[in-house]
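Engineer: Below is one structure. I have some questions about it.
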Amino acid sequence: MVILFRKFKKQFILPLVMTLFLPNCANTKTQKITSKDKNQTPKVIIVEAEDFTENSGNVTLLNNGFVKTSQDGSWLNYSVNIPVSGRYIVRLFAKNKEVKAANCWIEDYIGNKEGRKYNITRNMTVSENSSNSFVQTDGSPLAAMTHLMKLHIGKSVLLIDRIEFTLILEHKASPLVIKQNTTGKDWKLTWSDEFNGKGFPDQTKWTYDIGNWGWGNNEPQYYTKKRLENARQEGGNLIIEARKNDAGKPWTSARLTTRGKESFLYGKIEFRAKVPVGRGTWSAAWLLGDSYVDELSWPYCGEVDVLENVGSEIDDNTGNGKTHGSVHYEGYYFKKGNQTPFITDVENMNREFHNYTLEWLPSGMTMYVDGKKYFDYQLTEPRSLTWPYNKIPQNLILNLAMGGGMGGEIDPALTSQKLIFDYVRVYELK
Ligand SMILES: [Ca+2]
């Protein structure tokens with residue numbers, strides 16, 4: 001049982017002048033963790049606005065504990081102790097007394113050695129003339145550790161109250177790792193979902209990734225949990241449907257994963273799928289390392305994209321398009337500038353099912369579309385020095401994103417798009 005316990009800062013009369021200009025200095029207070037019992041795992045982490053460790057220099061601490069930001073744009077840094085790895089709801093409590101909306105976002109791991117910007121909330125808009133309200137992003141992944149975060153506030157005068165992090169899903173490794181035999185000459189089926197059921201996806205095989213934090217790619221869709229409109233078995237298929245202006249969100253969709261159920265080490269993995277056309281769609285069937293906890297885990301945990309297609313690369317008339325095969329890890333990702341794109345043409349992508357297949361062995365990986373090899377990545381030095389795929393099991397992910405870094409601008413005419421899977425099959429060598 002989580003008891004919300006926080007100081008009622010608005011009722012305190014602080015020994016300060018009405019407003020106090022704050023130099024760019026450190027504040028040593030730490031955030032409150034809400035839990036009645038100190039030994040109990042806290043579920044809500046509260047970071048008070050005034051507990052910043054650094055600021056942009058143009059913010060003002062008010063005597064009621066709010067921090068007032070500036071028309072010139074402001075930022076506030078916070079040290080946030082996350083006690084449990086998992087997915088969180090992030091809420092920003094702020095008042096906006098101005099006549100225009102204010103845009104905010106939260107950056108994690110500021111000052112990281114890789115020089116990367118980890119946006120864990122996408123843009124959060126505080127409406128004009130709003131008071132005592134909050135804006136919210138769901139599903140942000142956070143590892144258990146002390147995070148240095150930066151709250152970015154656009155050119156707006158806001159009264160910031162606090163940020164809350166609410167745990168919605170604890171991170172757990174998959175209880176079952178299916179390690180495949182890798183020698184022999186024939187592939188033998190070891191796991192599959194034929195999607196012959198009705199209604200919800202098989203909950204013994206799949207869990208839901210939920211939320212709208214942007215998924216590291218500034219994606220606008222909200223992935224829902226257990227909602228037939230977004231993910232269902234029907235007619236022998238799994239349908240993942242992205243829907244516009246649905247459930248109070250600009251776009252809803254679904255992202256299914258085997259994480260938490262089973263993961264795989266080696267084997268042949270075959271996705272039989274039919275993708276949607278339409279500018280802005282981003283279809284994917286892929287693998288992500290079990291050691292992924294938050295964005296800092298990537299790409300060290302591994303990611304293998306077996307089917308990756310964007311609607312803007314499909315000819316709406318012929319249905320001919322492209323799929324991208326990629327293997328991401330420390331030795332091979334955008335920061336290294338050594339990505340060799342493996343892209344192949346696929347005819348009639350949206351009207352016929354095609355087989356998108358990965359063969360993953362200790363020696364490397366190959367990929368095929370309808371049995372035709374187009375991807376060959378063999379494990380040679382120096383690749384082997386940082387190669388995670390001989391030790392970190394990978395879980396399977398099926399999702400339909402809209403827009404974002406790769407999906408691009410969404411055709412405003414789109415209202416509903418479907419990514420359809422006939423089956424997912426996993427084999428080992430015998
Ligand atoms: Ca089927």
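Engineer: List every residue whose amide H lies under 5 Å from the amide H of Phe342, counting only residues 5 or more places away in sequence or on a different chain, with H placed 1.01 Å from N in the peptide plane.
Structural biologist: So Phe342 has HN proximity to Gly325.
Engineer: Considering only Thr204, Thr252, Thr166, give the residue with the highest GNM mean-square fluctuation for the chain, with springs between Cα atoms whenever their separation is below 10 Å.
Structural biologist: Among Thr204, Thr252, Thr166, the largest mean-square fluctuation in the Gaussian network model of the chain belongs to Thr204.
Engineer: Taking the number of other C-beta atoms within 10 Å as the exposure measure, put Trp206, Trp191 in order starting with the fewest.
Structural biologist: Result, fewest neighbours first: Trp191, Trp206.
Engineer: How many angstrom separate the Cα center of the stretch 111-184 from the Cα center of the stretch 361-390?
Structural biologist: Using only Cα atoms, the two centres lie 32 Å from each other.
Engineer: If R₀ is 30 angstrom, what is the calculated FRET efficiency for the pair Asn245 and Ile168, using the beta carbon separation as r and rounding to 0.05?
Structural biologist: 0.80
Engineer: Another question, then. Among Ser127, Ser133, Ser74, rank each residue by its count of other Cβ atoms within 10 Å, from fewest to most, as a rough exposure measure.
Structural biologist: Ser127, Ser133, Ser74
Engineer: Another one. Report the gain in length on full extension from Asp370 to Asn112: 0.36 nm times residue separation, minus Cα-Cα distance, nm rounded to one decimal.
Structural biologist: 88.7 nm
Engineer: With a 10 Å cut-off between alpha carbons and a GNM built on the chain, which of Val346, Val67, Val327 moves the most?
Structural biologist: Maximum fluctuation in the GNM of the chain, among the listed residues, is at Val346.
Engineer: May I pose another question? How would you rank 216-225, 107-116, highest first, on the average number of other Cβ atoms within 10 Å across their residues? Walk me through the numbers on the way to the answer.
Structural biologist: Details: 216-225: 21.3, 107-116: 13.9.
Per-residue mean Cβ counts within 10 Å order the peptides as 216-225, 107-116.
Engineer: Shape verdict for the stretch 174-235, please, from the Cα gyration tensor: rounded (a/c under 1.5), prolate (a/b greater than b/c) or oblate.
Structural biologist: Here the stretch 174-235 falls in the oblate category.
Engineer: Count the net charge of all other residues whose Cβ sits under 15 Å from the Cβ of Asn181, scoring Lys and Arg as +1 and Asp and Glu as -1.
Structural biologist: Spelling it out: positives minus negatives among the neighbours equals +2.
Engineer: Could you check the spin-label model distance between Thr183 and Glu381? Points 7 Å from the Cα along Cα→Cβ, value in nm.
Structural biologist: Once both label points are built, they end up 2.4 nm from each other.
Engineer: Next question, about the same structure. Once a ≥ b ≥ c are taken as the square roots of the eigenvalues of the Cα gyration tensor of the stretch 176-429, is the result rounded (a/c under 1.5), prolate (a/b larger than b/c) or oblate (a/b not larger than b/c)?
Structural biologist: Because its axes are fairly even, with a/c under 1.5, the stretch 176-429 counts as rounded.
Engineer: Then there's this: Convex hull volume of the Cα atoms in the chain, per residue, in Å³?
Structural biologist: 157 Å³
Engineer: Describe numerically, in nm with one decimal, the distance between label points set 7 Å from Cα along Cα→Cβ at Ser131 and at Lys97.
Structural biologist: 0.9 nm
Engineer: What are the ³J(HN,Hα) couplings of the stretch 188-202, residue after residue, when phi is run through the Karplus curve with 6.51, -1.76, 1.60 and θ = phi - 60°? Round to Hz, x for glycine and proline.
Structural biologist: 10, 5, 10, 7, 6, 10, 8, 6, 8, x, 10, x, 4, x, 4
Engineer: Still on this structure, I have one more. Hey, with R₀ at 45 Å, roughly what FRET efficiency would Ser363 and Asp72 work out to, going by the Cβ-Cβ distance, to 0.05?
Structural biologist: Using R0 = 45 Å, I get an efficiency of 0.20.
Engineer: Continuing with the same structure: Using a Gaussian network for the chain with springs between C-alpha atoms less than 10 Å apart, which of these wobbles most: Glu347, Glu303, Glu50?
Structural biologist: Glu347
Engineer: Right, next: Would you mind ranking Asp376, Asp202, Asp294 so that the residue whose beta carbon has the fewest other beta carbons within 10 Å leads the list? Write out the running numbers ahead of the final one.
Structural biologist: Values: Asp376 12, Asp202 16, Asp294 24.
By the 10 Å Cβ count, ascending, the order reads Asp376, Asp202, Asp294.
Values quoted throughout were computed directly from the atomic coordinates according to the rules given, and no laboratory measurement underlies them. This structure is a prediction, so every number in the text was calculated from the model and none was measured. Counting neighbours? That spans all protein chains shown, and the Cβs are built from the backbone with ideal geometry, glycine included.
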